[in-house]
Amino acid sequence: MISEQENLLALSLNIGRGLLENGAETYRVEESIGRIMTAYGMEQAEVFAIPTCIIASVSRDGQTLTRVERITQRRTNLDRISRLNNLSREICDRKYSTSVIKAELNKIMSQQAYPFWLQTAGFVLVAAAFTIMFGGDFRAALAAALCGLVTKPVIELLQRYQTNVFFANIIGGAVIAAVALAASRLGLSGQVDLIIIGTLMNLVPGVAITNSMRDIIAGDLVAGLTKLTEALIIGTAIAIGTGFTFSIVGYLL
Amino acid sequence: MTAELILKLAGGVPAAFAACLGFGIVFNLRGKTLVFASIGGALGWLVYLLASGFAGDLQRYLLATVAITIYAEIMARVQKTPVTAYLVVSLLPLVPGGGIYYTMRYFVSGDTGMFIETGLHTLAIAGALAAGILPVSSLVRLYGQFKKHRLAVN
């Protein structure tokens with residue numbers, strides 16, 4: 001088989017990797033790769049994606065090409081998902097050449113996210129807003145905002161050094177509980193539980209567990225179970241983190 | 001409507017909007033999508049709170065999710081962006097993040113009874129959300145296929 005098709009398979013898997021690494025659903029990844037490969041004349045395109053891996057196998061004239069991509073890092077960047085999705089649609093419609101696809105893909109992947117200060121502002125807003133939604137008063141929201149302001153740089157630092165998710169969330173949970181307890185000691189607000197859970201909404205994998213149930217109901221059993229496991233592991237890490245702070249403070253005071 | 005509910009609406013709905021806006025920024029949503037997704041979040045929370053009068057716990061989650069999914073499918077078509085961008089952010093006030101946290105806290109502290117009770121409730125909420133999303137998006141898909149098929153026949 002000519003190398004053009006190998007190139008195409010590699011590129012479509014790169015698009016799939018970009019989708020998956022930025023938080024797209026596995027069925028979207030499978031569909032995108034499958035559609036591109038069929039649009040370019042493959043007789044059969046079988047794609048299997050779970051949050052940690054993509055396997056694609058295409059065949060034409062009795063010959064088969066297969067490629068595997070391992071995914072180790074995941075975060076959420078919805079703008080990138082949206083752009084990659086549009087790109088894969090355009091590829092199917094207009095049959096771009098591989099060099100054009102490569103250039104477009106590079107353009108999307110090099111696009112910067114919001115600056116750090118704005119992301120911190122978002123983090124703080126989430127903490128304060130959820131504290132109010134859970135029934136906290138204005139002072140509790142203020143304490144949660146402070147809590148978010150301290151936690152975001154810590155999380156960012158841990159991510160930059162590529163610590164594993166489990167450890168990063170233990171530290172995140174511990175820091176949040178520590179700041180919330182300190183805020184209540186200083187008399188800012190007595191609603192410690194609400195401050196902690198409000199700020200924790202930034203870390204807890206609520207979307208992951210919902211998507212995992214969606215995958216399981218839709219029949220993507222392995223993908224769903226993978227996500228469910230990830231959600232439970234992150235939940236455990238956060239619980240260990242906050243528990244750690246509580247027991248140390250309880251011991252000291 | 002009771003005074004308590006009005007108070008909850010007045011505080012909760014703008015807070016849900018703000019929470020979605022914050023998450024939208026963290027998740028790198030841009031421009032109009034960011035604003036419309038946050039409106040979806042406020043809409044979902046509004047339905048969730050209003051449904052407290054006649055629906056049970058899980059049914060409220062289901063109803064709010066159905067409302068959000070319909071809104072997201074419409075907005076995705078109007079704005080030509082994937083549904084996910086709206087769904088992920090608008091559903092955030094409903095997703096059982098707190099549930100997972102409390103479940104695992106009971107697990108770590110060794111309270112097995114509460115661990116199982118909270119854990120099952122959390123899974124049930126996640127299931128209710130999934131059960132709200134899937135029928136709506138399946139119907140939309142079915143309608144799309146139906147239209148395409150009709151075009152092909154004519």
| query | Hey, among the residues in the stretch A:191-223 that are outside any loop (DSSP other than H, G, I, E, B) and in contact with a strand residue (DSSP E or B) (Cβ under 9 Å, 6 or more places away or on another chain), which one's farthest from A:ILE170 (Cα to Cα)? | reply | A:VAL222
| said: I'm told A:SER32 meets every condition in (1) in a helix (DSSP H, G or I); (2) within 30 Å of A:LEU188 (Cα to Cα); (3) small (Gly, Ala, Ser) except one. Can you identify the failing condition by its number? | reply: (2)
| Answer residue from the stretch B:128-147, given it is within 21 Å of B:VAL95 (Cβ to Cβ) and among the β-branched types (Val, Ile, Thr) and is farthest from the other protein chains (Cβ to nearest Cβ) among those | B:VAL136
| Regarding B:THR81, is this residue assigned to a loop (DSSP other than H, G, I, E, B) and in contact (Cβ under 8 Å) with a residue 40 or more places away in the chain? | yes
| request: Please find, among A:GLY23, A:GLY16, the residue that is part of a helix (DSSP H, G or I), open to solvent by less than 60 Å² (accessible area, probe 1.4 Å) and out of contact with any Cys (no Cβ under 9 Å at 6 or more places or on another chain). | output: A:GLY16
| First in the stretch B:132-152 and under 26 Å from B:TYR48 (Cα atoms), second anywhere and small (Gly, Ala, Ser), Cβ under 8 Å, 6 or more apart | B:GLY132/B:ALA64; B:LEU134/A:ALA218
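Residue-by-condition table, conditions (1) open to solvent by less than 40 Å² (accessible area, probe 1.4 Å); (2) in contact (Cβ under 8 Å) with a residue 40 or more places away in the chain; (3) out of contact with any strand residue (DSSP E or B) (no Cβ under 6 Å at 6 or more places or on another chain):
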position: A:GLU43; (1), (2), (3): no, no, no
position: A:GLU46; (1), (2), (3): no, no, no
position: A:ILE54; (1), (2), (3): yes, yes, no
position: A:ARG60; (1), (2), (3): no, yes, yes
position: A:GLU69; (1), (2), (3): yes, yes, no
position: A:THR72; (1), (2), (3): no, no, yes
position: A:THR76; (1), (2), (3): no, yes, yes
| request: Test B:ALA124 against the stated conditions and say whether it is open to solvent by less than 70 Å² (accessible area, probe 1.4 Å), of a type in the set (Gly, Ala, Ser) and touching a residue at least 12 places away in the same chain (Cβ under 8 Å). | output: yes
| query | When you scan the stretch B:60-74, how many residues do you find that are without any contact (Cβ under 8 Å) to a residue 40 or more places away in the chain and either open to solvent by 10 Å² or more (accessible area, probe 1.4 Å) or at positive phi (or both)? | reply | 4
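The values are calculated or read from the model by the stated rules, or taken from the named source; none is laboratory data. Predicted, not measured: the structure shown is a model, and the values here were computed from it. Positions of Cβ are backbone-derived with ideal geometry, glycine not excepted, and every protein chain shown enters the neighbour counts. SASA here: full protein model, heavy atoms, side chains in, ligands and nucleic acids out. Shrake-Rupley method; radii C 1.70, N 1.55, O 1.52, S 1.80 Å.
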